[in-house]
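What follows is a short report on a single structure.
The values are calculated or read from the model by the stated rules, or taken from the named source; none is laboratory data. A quick note: this is a predicted structure, and the numbers were derived from the prediction, not measured. Ideal geometry is used to build each Cβ from the backbone, glycine not excepted, and the neighbour counts take in all protein chains shown.
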Amino acid sequence: MSEKTKKIIGWILTGLLSAMLIFSSIGKFSGAAGPMLTYVGFTESEILMIAIGELVSVVLFLIPKTQSLGTLLLSAYMGGAIVVHMSAAVAPEELGGEGIQSYLVPSIILVVIWITSYIRNPKTLSSLID
């Protein structure tokens, strides 16, 4: 695969991930994500902080020079999402309790974040170690 193709694929995946995460944070700002997160135990101010953190992480992920930091922050965010989905798996169905498989979506997104980060910059892992 040529470098140009890798670059195009990397930016397409980055755009899709960023759009999804931005819409997710907008849902938190607007209160649409509130019932499930309050069921798990988050207050409105904590949900607002999560939304701000999500937006900051996406912006850092988009900027090539801060991509490694954005990848780490999005990894932490998605780790938290996995835990919340595991906790919410027992939520009543009217709140969106989806059963045990609900944590698979954030897990897959986390893997795609790292694949995208690697495609955009293969030195991402080494920049975190050095």
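Got a sec? Which of THR124, THR66, THR38 is closer than 23 Å to ILE12 by Cα, β-branched (Val, Ile, Thr) and at pLDDT below 80?
Values: THR66 fails: at pLDDT below 80; THR38 fails: closer than 23 Å to ILE12 by Cα.
Going through THR124, THR66, THR38 in turn, the sole match is THR124.
Within the range 34-63, how many residues are small (Gly, Ala, Ser), within 17 Å of VAL83 (Cβ to Cβ) and surrounded by fewer than 18 Cβ atoms within 10 Å (Cβ to Cβ)?
Selection size over the range 34-63: 2.
Step by step: first the residues of the range 1-33, then only those that are polar (S, T, N, Q) and without any contact (Cβ under 8 Å) to a residue 60 or more places away in the chain, then the one that is surrounded by the fewest Cβ atoms within 10 Å (Cβ to Cβ). Which residue is that?
At the first step, the residues of the range 1-33 found to be polar (S, T, N, Q) are 2, 5, 14, 18, 24-25, 30.
Subset that is without any contact (Cβ under 8 Å) to a residue 60 or more places away in the chain: 2, 5, 18, 24-25, 30.
Working: SER2: 7, THR5: 10, SER18: 17, SER24: 20, SER25: 21, SER30: 10.
Top of the filtered list is SER2.
Quickly run through the range 68-87 and pick out the residues that are within 17 Å of GLY41 (Cβ to Cβ) and of a type in the set (A, V, I, L, M, F, W, C).
ALA81, ILE82, VAL83, VAL84, MET86 - these are the residues of the range 68-87 that are within 17 Å of GLY41 (Cβ to Cβ) and of a type in the set (A, V, I, L, M, F, W, C).
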